[in-house]
1. Only one of (1) surrounded by fewer than 19 Cβ atoms within 10 Å (Cβ to Cβ); (2) in a loop (DSSP other than H, G, I, E, B); (3) within 14 Å of chain B (Cβ to nearest Cβ) fails for residue A:8. Which number is that?
2. Cβ-Cβ below 7 Å, separation at least six or inter-chain, first residue in the stretch A:118-135 and within 10 Å of another protein chain (Cβ to nearest Cβ) and in contact (Cβ under 8 Å) with a residue 60 or more places away in the chain, second of a type in the set (Lys, Arg) and crowded, with 16+ Cβ neighbours inside 10 Å: which pairs?
3. Pick from the stretch A:46-82 the residues that are within 15 Å of the chain's Cα centre (by Cα) and part of a helix (DSSP H, G or I): which of them is surrounded by the fewest Cβ atoms within 10 Å (Cβ to Cβ)?
4. Of these, A:74, A:70, which one is more than 25 Å from residue A:130 (Cα to Cα), more than 10 Å from every other protein chain (Cβ to nearest Cβ), touching a helix residue (DSSP H, G or I) at 6+ places or on another chain (Cβ under 8 Å) and at pLDDT 95 or above?
5. Which residue out of B:39, B:53 is under 32 Å from the mean Cα position of the chain (by Cα), surrounded by fewer than 17 Cβ atoms within 10 Å (Cβ to Cβ) and either in a strand (DSSP E or B) or within 14 Å of chain A (Cβ to nearest Cβ) (or both)?
6. Taking the condition of being hydroxyl-bearing (Ser, Thr, Tyr) and within 27 Å of residue B:254 (Cα to Cα), how many residues in the stretch B:52-83 meet it?
7. Among the residues in the stretch B:80-94, are any touching a His at 6+ places or on another chain (Cβ under 8 Å) and surrounded by 21 or more Cβ atoms within 10 Å (Cβ to Cβ)?
8. Looking at residue B:111, is it surrounded by 17 or more Cβ atoms within 10 Å (Cβ to Cβ), within 14 Å of another protein chain (Cβ to nearest Cβ) and within 24 Å of the chain's Cα centre (by Cα)?
Amino acid sequence: MGTCDANLKPEGTRAVGAVVAPDRARITVFLNEANSERTLANLAVNPRAAICFTRPIDHRTVQVKGRVLTVRRTLDSEKPRLDRYLSAFVEALYLVGVTRATGGRIAYWPSMAVEITVEDLFHATPGPGAGGRLS
Amino acid sequence: MSGPLDGIPMRCFQGVVPSTIATADCKGIPNITYLSHVFRIDDRHVALSCQFFNKTKANVLANPYASVDLMDPATLEMYRLELRFDHSETSGPLFDTMSMRIDAIASLTGMSGIFRLISSDVYEVIAASYRNGVIDHTLVLPETPVEPRSISEIRAVQLISQRTSRAKGLEDLMNAVLATLQEAFGFEHSMMLMLDETQTKLYTVATRGYDSEGIGAEVAVGEGLVGSVARDKRVLRMSYVEAELRYGRAIRAAVQKTRSRRDMLPEIPLSGLADAQSHMAMPLVVGDRVLGVLAVESRSPLAFDEWDEAFLEIVANQVAVTLDNMLLREHEADFEVAQTSNAGTPAKGAAPSLPVKRFRFFKNDDCIFVDDEYLIRNVPARILWRVLREHQQNGRTAFTNRELRLDPWLGLPPLRDNLESRLVLLRKRLADKCPGVRLLSTDRGRFNLEVECPFALEERESA
């Protein structure tokens, strides 16, 4: 997730999960609390966020741009969902050569949930079409 | 003097796990995307490759700040680089180095000229730091045993130096180099290629550690990893090759949606190990002349480090000089050798009871088949054909390099003609495909034809 402070200094942090709302107009992105302090500080002064999703095996990538609606602590009841997300991510990394033991060390709990309203979607797969709007 | 990048493992810069780059425009709208490769220039500067003009580039031109997260491929630990865009380079050593890597991948994925470097974007590193909290350190990784170097580094250089300077001939030199690379450094899979007289192709003259020797296999200059090294006269070291190819294929898939497939060539299979994960190739250069390429590969994704690169460069320089001297000496010595008469007694005669070997020379393709199997092409094919024809017509068995050099049909250039490496290649191909016919060195600049089986020669225009 990319954010930017009031002085236009950007910052990125790796998200550890995401859930698309049933209305498909909002996404909740989960951040590892231990390394998202600056991202959350940025969002407090500038609600704009960019989130990049990629599939490691073929680099299929999309970027979502939007504004933050809410920031809250992730509920214990949401943890199983994050567990599944991370397990799937570890398998995706395994396919590109990262061992499961290594992938399994990605820290993700406790976590913060950042709800974003989606304003724009872009192709971000490497290549000449990257940056184009997704219809 | 140390800079902010000191202390970040070099493997983080090898592009295994893509890095992310966050930028922002002048309105404070952030952008975040993945990078294929962060190139470390020195301890205060990095360069990012720009293959397509994109939002990241537009943002840093308007607002120069960027934040990059580098991931250690071995541990997934993360490092944060705070950057300020400085300038773009579209030519010069940095651009050439970065471009070569991209060209090699483009060539392998059939996208030469489509997927290419537009600029090397240089950033100043304002700060670099380890990112706490990314990894759960309570989960300990099993230790990967590090194999010790088998002999000390100075001893390895000594061995190479000793063996190359004492090599009796080209074949001896090549075998000594590849054997020492394995013995001293455990480089189990290696090959040496020479540039041919047209300067457009490399042909394999020596290999080590492969199921199939692959002697005679050709690579076009500029094509693939080895061909790029010969064209650019630069070292190429690649780790996690599969990851690089995957990135190239992602772009290929994206290009296919926007351009005609006819613009793209088919993918070229990597030579050597089908599942190699690391490659390192060095040009054999003397002055501004490329003689060939020395290449090593491994199934381990991080087999070669900067030290190996530096070491192999020393080896390659030494081999190149020795090789060049050897070729030149051999060429000069040739002219001291008198034309050998036809009266030489056959060292060994053909045994009539053995089946007849049928050699066919296809003029249009400039190649020889033996018993319907491809044997060899171009200059070595013409050498063999000349020698076999002479033997058939006049019973000759003794030949000199000089007469080959003076024969215009063979098309050897006047100086540094690679004749000796052509003979090495021819000998190896014969040993593999037709061991009953041999070319044996008898003295400097001389060789004998030994034929153990009866043979028939047939010339055709085309197959």
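The values are calculated or read from the model by the stated rules, or taken from the named source; none is laboratory data. Small disclaimer: the values here were computed from a predicted structure and weren't measured. All Cβ positions, glycine included, derive from the backbone under ideal geometry; neighbour counts span all protein chains shown.
1. Against the list (1) surrounded by fewer than 19 Cβ atoms within 10 Å (Cβ to Cβ); (2) in a loop (DSSP other than H, G, I, E, B); (3) within 14 Å of chain B (Cβ to nearest Cβ), residue A:8 comes up short only on (1).
2. A:125/A:60
3. So, considering only residues that are within 15 Å of the chain's Cα centre (by Cα) and part of a helix (DSSP H, G or I), the one surrounded by the fewest Cβ atoms within 10 Å (Cβ to Cβ) is A:81.
4. Among A:74, A:70, only A:74 is more than 25 Å from residue A:130 (Cα to Cα), more than 10 Å from every other protein chain (Cβ to nearest Cβ), touching a helix residue (DSSP H, G or I) at 6+ places or on another chain (Cβ under 8 Å) and at pLDDT 95 or above.
5. On the way: B:39 fails: surrounded by fewer than 17 Cβ atoms within 10 Å (Cβ to Cβ).
Step by step, each of B:39, B:53 is checked, and only B:53 is under 32 Å from the mean Cα position of the chain (by Cα), surrounded by fewer than 17 Cβ atoms within 10 Å (Cβ to Cβ) and either in a strand (DSSP E or B) or within 14 Å of chain A (Cβ to nearest Cβ) (or both).
6. Initial filter on the stretch B:52-83 (hydroxyl-bearing (Ser, Thr, Tyr)): B:56, B:65, B:67, B:75, B:79.
Then drop every residue that is not within 27 Å of residue B:254 (Cα to Cα), which leaves B:56, B:67.
Within the stretch B:52-83, residues that are hydroxyl-bearing (Ser, Thr, Tyr) and within 27 Å of residue B:254 (Cα to Cα) number 2.
7. Our first condition is that a residue be touching a His at 6+ places or on another chain (Cβ under 8 Å); within the stretch B:80-94, this holds for B:86.
The next check asks that each one be surrounded by 21 or more Cβ atoms within 10 Å (Cβ to Cβ); those that pass are none.
For the stretch B:80-94, residues touching a His at 6+ places or on another chain (Cβ under 8 Å) and surrounded by 21 or more Cβ atoms within 10 Å (Cβ to Cβ): absent.
8. Spelling it out, residue B:111 is indeed surrounded by 17 or more Cβ atoms within 10 Å (Cβ to Cβ), within 14 Å of another protein chain (Cβ to nearest Cβ) and within 24 Å of the chain's Cα centre (by Cα).
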